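Read through the structure below, which is laid out as structure tokens, and then see the notes.
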Amino acid sequence: MLSILNYLVLFSLAIILQLTVVPLLAIKGVVPDVILILVISTSFRHGKMAGMLWGFAAGVVFDFFSTRFVGASSLGYVVSAFVAGIWSAEHSQVRFGVVIGQLFLTVLLHDIIYLNIIRIGTSVGFWNTLFTVVFPHSLYSLVFVAIFSQAFPRKFLGRDQYNYNYN
Amino acid sequence: MGRLNEWFIHRKDFITLLLTVVTSLVLLFSSSTDQVRTLRNWSLGGFGYLLNKLSVLYRYEDVYEENSWLRRQNANLMLDVSRLQESALENQRLRALLDFKNESQFDLVPAKVIGRGENSLVNAITLTAGQADSITRNMAVVTAQGLVGKVYSVSPNISTVQLLLDRNFRVGATVRRSRVMGVVKWTSGNDVVLSEIPKRSDIAIGDTVITSGISTIFPGGLEIGKVVEISDDDRSLFMNVKLETAVDFSKLEEVLVVRKRPLQTN
């Protein structure tokens, strides 16, 4: 119960930050996605189910307040949470690069879904969106994901930092 | 029930994914922005295409039945076409006969050929006309092309015709151009000859040979055939004149019987 309240607070905070402060960190219009970071973290720590449910709820609320298409963010978060949840089962020692790769793929998947929904109806093509929007956005979010996962491995990924095998 | 619960528990992640994705899409499609309208159109187009393809499966039974019906219909139509072609040919033949009948000075009775064959006695055909049509023995039988033969035997509705190609058939004939007279008789196969023509008679290849009219059976002027070969035999007093019959006996289907009764003229 306490965990649910914690996540409720965390996600509320993430949504507020994403709507207010995070856009200030934009580099050439590319804004990191802290809600996504939290969704991935939840999936890594508690599995697919928790990640998907929290991602769905957070996505709907965020879309509602950001006046975007309600359902677009939640769709991206749900799919990312599911994929991240697959890797959460790997509690054995893994190389740091593998974790970063997993995180990047998860973020990339979300961005491909979300940003292409946003793109529909515009004159911007798929590949153009991929290289000019999706990749920069994913890389920028990955920087935050990498910092958090390194700084708070147990909190973020649900695994001990010492389990990493850097070789 | 226990198994069902177990099934759901084992697949709870996938079920959750499915439900949340579907709900997200429903929410997305509930919006009314231009992008969503475009996305909705795309998905509806794709869904429609898929449904159209799948509908073939639902319609398979109907297609099968329709195919069977079309096959039957096709067979019937082919038979109809065949019948119509046959009718067209018959129409042509009957028109020719009718024209001949109308232009002819003879009293003619049309009859259909229903049988043919050579027995030991006579090379003959069978007609659908008999005593009921006032047909009697020894009446001449013709087509628009020329002489066919004569009535050999008669029953109430059927009559038998001895053909020109019968070994015992004889008919007095004359060459239309030079009026040279002789007797036409069968020799072998489809060959008939104009016999008893004295040497040095005026006959040439291509001359038309007609009935002479010096007969109680055959009226004069009926075409018998054309001269195709003339030869001389030193040991004989007569020429050998070979004819090609005017009538194609292998294609006889309708004929006209020349009644002896003289045509009434006003």
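The values are calculated or read from the model by the stated rules, or taken from the named source; none is laboratory data. Model, not experiment: these values are computed from the prediction. Ideal geometry is used to build each Cβ from the backbone, glycine not excepted, and the neighbour counts take in all protein chains shown. Accessible surface is based on the protein model in full, side chains and every heavy atom, while ligands, DNA and RNA are left aside. Shrake-Rupley method; radii C 1.70, N 1.55, O 1.52, S 1.80 Å.
Sparsely packed loop sites in the range A:6-57 (the trypsin sites (Lys or Arg not before Pro) outside DSSP H, G, I, E and B with at most 14 other Cβ atoms within 10 Å) comprise A:Lys28. Taking 0.36 nm per residue of separation and subtracting the current Cα-Cα distance, fully stretching the chain between B:Leu89 and B:Ile9 would add 20.7 nm. Here each label is just a point 7 Å from Cα along the line to Cβ, and for A:Asn128 and B:Ile230 those points are 9.8 nm apart.
Summed over all non-identical Cα pairs, the Kirkwood treatment of the range B:177-223 gives a radius of 11.8 Å. All alpha carbon pair distances within the range B:128-266 were sorted into 10 Å bins beginning at 0; the resulting P(r) in whole percents reads 12, 42, 31, 12, 3, 0. A DSSP coil position with no more than 16 other Cβ atoms inside 10 Å describes the following trypsin sites (Lys or Arg not before Pro) in the range B:90-180: B:Arg137, B:Arg167, B:Arg176, B:Arg177, B:Arg179.
Label sites at B:Lys251 and B:Ile114, each approximated as a point 7 angstrom past Cα along Cα to Cβ, lie 2.5 nm apart.
Only protein heavy atoms count here; under a 1.4 Å probe, B:Ile114 has an accessible surface of about 100 Å². Taken about its Cα centre, the protein assembly as shown carries a charge dipole of roughly 660 debye when the Cβ of each Lys and Arg holds +1 and the Cβ of each Asp and Glu holds -1.
What the Cα atoms of the protein assembly as shown give is an Rg and a Dmax of 52.2, 141 Å.
Heavy-atom accessible surface of A:His110, to the nearest 10 Å², is about 0 Å², with a 1.4 Å probe and all protein chains retained. Packing here is the average count of other Cβ atoms within 10 Å per residue, and on that basis the peptides A:31-38, B:21-28, highest first, run A:31-38, B:21-28. Ranking B:Ile217, B:Ala144, A:Phe131 by how far each Cα lies toward the positive end of the dipole of the protein assembly as shown (charges on Cβ) leaves A:Phe131 at the top.
Rg and Dmax of the range B:117-158, both derived from C-alpha coordinates alone, stand at 10.6, 29 Å.
Chains B and A together bury roughly 1600 Å² of accessible surface, counting both sides and using a 1.4 Å probe on protein heavy atoms. Per residue, the average separation of C-alpha pairs within less than 8 Å and at least 6 apart gives chain B a relative contact order of 16 percent.
By the combined test of axial Cα extent (at least 18 Å) and Kyte-Doolittle hydropathy (mean at least -0.5), the qualifying DSSP H helices of chain B come to B:12-30, B:34-58. Checking the Cα-Cα distances for B:Lys185/B:Lys251; B:Lys199/B:Lys226; B:Lys150/B:Lys226; B:Lys226/B:Lys251 against a 27 Å cut-off, no pair goes over it. A simple spin-label model places pseudo-atoms 7 Å from Cα toward Cβ; at B:Asn168 and B:Thr136 they are separated by 2.1 nm. How much of the calculated P(r) for the range B:93-149 lies past 18 Å, in percent of all Cα pairs? Of the Cα pairs, 38 percent sit more than 18 Å apart.
For chain B, the average shadow cast by the Cα convex hull is 36.0 nm², which is a quarter of the hull's surface. Per residue of peptide A:70-83, the mean number of Cβ atoms on other chains within 10 Å of the residue Cβ is 5. Within a straight-line Cα-Cα reach of under 26 Å, A:Lys48 can be paired with the following lysines, leaving aside sequence neighbours fewer than 8 residues apart in one chain: A:Lys155, B:Lys12. The alpha-carbon atoms of the range B:195-266, seen along their principal axes, cover 51, 29, 18 angstrom, with the largest extent given first.
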